[in-house]
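Bear in mind these aren't lab numbers, they're just calculated from the coordinates by the rules spelled out. In this text the structure is predicted, and so the values were computed from the model without any measurement. With ideal geometry, Cβ positions are generated from the backbone for all residues, glycine too; neighbour counts draw on all protein chains shown.
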Amino acid sequence: MKIIGKLKTLNSSEIKKSRVGIGFECVDRDLIKPEKCYDLFAATGAKWARCQTGWAKCEKEKGVYDFSWLDDMVDNLRQRGVEVWFNVGYGNPIYMKDITNPTAVGCVPTLYGEEVITAWKNYIKALSVHFKGRVTWWEIWNEPDGKGFWYPGTPNAREYAELIKLTGGIIKKSIPDAKIAMCTSGSHLDYLKEAFSVLDAGDVALYNIHTYHRHPETCPRSLRAGEIRALLDECGLPDVEIGMGEVGHASWHPVGHYFVNEGGGSESRQAIYAAREYFLDFMWGMKFTSWFIIADVAEKVYQTATRNEKRPSDQGLLHGRIYTPKKAHEVVSYLGVLLSGETVLSEKKISVEWEKGAEDGELVAFSYTRDGKDLYVYWNPLPVESDEPVKMGNTVHLPETDIVDPILIDTYSGSVIIPEDGEWCKENSTLTNVPLAIYPFVITNRDSFEISLF
């Protein structure tokens, strides 16, 4: 095998369609500086940006709305070819008593009485009128099944569904073609079933999973699309799409974090996790994946209704405060190309001959088409903490395929690799001496992508 160059990355404005998104959250609480992030966001090729609307930042005087900070964020991202989707949520201290943080994070307006409900309705109407024509997708609230975001009281699926119906109804009066989304953090099936049972067809167009897990491939099935798809169908919501609204892996964890006991974070591990997660979500039928978050939240203390964190985990693709790219930012830029265009899962199967170690499980391997061209993806799903090196000497058997001039793309380095003499047998579509790693390699035809040759 011989490295001939690198996969050419593209800016968001150069890509028409993609499954790659990145969260642009927490600007409502001034936890990141958005102006430091716009160009670096677009450099990944990501097409989706989740932005939080921050009622408390928009209405600091009763009945007076200032959307200028949101205008700046929405317009800057849209100018760079990114579709902004809103997460609409959180309370407002000028109307609420008994709040636990200055911006009323997690404080639910429908739990604070009629005056607050009326103020919420007025805010949503003003917000939707203001952004008509610029924002199509509107997600209602953030992680309502967690105590930190459903205050006061205990998370309640029926109350959340009613909040969706109330808020979404106002948005659709202003924007008839608006798409309403919902989300939960744990995707517990009992909670979802109750919420879905309250909703009618047309109330929501998208359900977003939020999941953070040590090992992406073995996340409990209740967190993933299969069972949720079945539950949506059972509850009369067959047209609702499923997305990964928040997911991530930290490059650094604070002392006491529940991941630390099994190994701390690093930039390399975060990047490997990202490469695997985006492909897994596509394989599991997600509309898109939104990585949390563009930059580490480091400008202020991170607060919810139940906790304060001076320095939470470093989940960002950019380093907090200095806004320089991490390795994961580079890797996502390769995914921005690999998962762009018209991507459709394929039933074609590949087989990999490899020397299985004592700790190894089954390889992850699947295929898809991008703009009609075949691509094959495979990796060894060992824990990212294993730091397993790339192993050569493996053999890949491709099914009947349109590949005649194969390349391998290393999603960690972006390297483009071609077989040398004797390593590609066109007659039976077999590659020998191929690399295998704990991050994905992609096999496709040489004309599938632009290559920056060495």
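Just a few scattered comments:
- Within segment 32-80, being closer than 22 Å to G91 by Cα, β-branched (V, I, T) and under 20 Å from the mean Cα position of the chain (by Cα) holds for I32, T53, V74.
- Test result for K165, among the basic types (K, R) and closer than 22 Å to Y112 by Cβ: yes
- Number of positions in segment 29-46 that are among the charged types (D, E, K, R), in contact (Cβ under 8 Å) with a residue 60 or more places away in the chain and either crowded, with 24+ Cβ neighbours inside 10 Å or at negative phi (or both): 3
- Among the helices (runs of 4 or more DSSP H) confined to segment 88-199, the ones with at least 3 residues that are of a type in the set (S, T, Y) are located at 114-130, 157-174.
- Residue check: D239 meets all listed conditions (1) surrounded by fewer than 18 Cβ atoms within 10 Å (Cβ to Cβ); (2) outside any loop (DSSP other than H, G, I, E, B) but one, namely (2).
- Count - residues of segment 187-217 that are surrounded by fewer than 21 Cβ atoms within 10 Å (Cβ to Cβ) and out of contact with any strand residue (DSSP E or B) (no Cβ under 8 Å at 6 or more places or on another chain): 13
- Any hit, segment 94-103, residues being hydroxyl-bearing (S, T, Y) and surrounded by 21 or more Cβ atoms within 10 Å (Cβ to Cβ): yes
- Residue identified as loosely packed, with under 14 Cβ neighbours inside 10 Å, out of contact with any strand residue (DSSP E or B) (no Cβ under 6 Å at 6 or more places or on another chain) and over 21 Å from Y273 (Cα atoms) among E347, E309, E359: E347
- Residue ID - farthest from Y273 (Cα to Cα), chosen from residues in segment 182-222 that are of a type in the set (D, E, K, R) and in contact with a Leu (Cβ under 9 Å, 6 or more places away or on another chain): D200
- Candidate set from segment 151-167 (those that are over 23 Å from G202 (Cβ atoms) and touching a residue at least 40 places away in the same chain (Cβ under 8 Å)); member that is nearest to the chain's Cα centre (by Cα): Y151
- Failed condition for K426, given (1) crowded, with 17+ Cβ neighbours inside 10 Å; (2) over 28 Å from C219 (Cα atoms): (1)
- Output for segment 410-454, where each listed residue is in contact with a helix residue (DSSP H, G or I) (Cβ under 7 Å, 6 or more places away or on another chain) and part of a strand (DSSP E or B): V442
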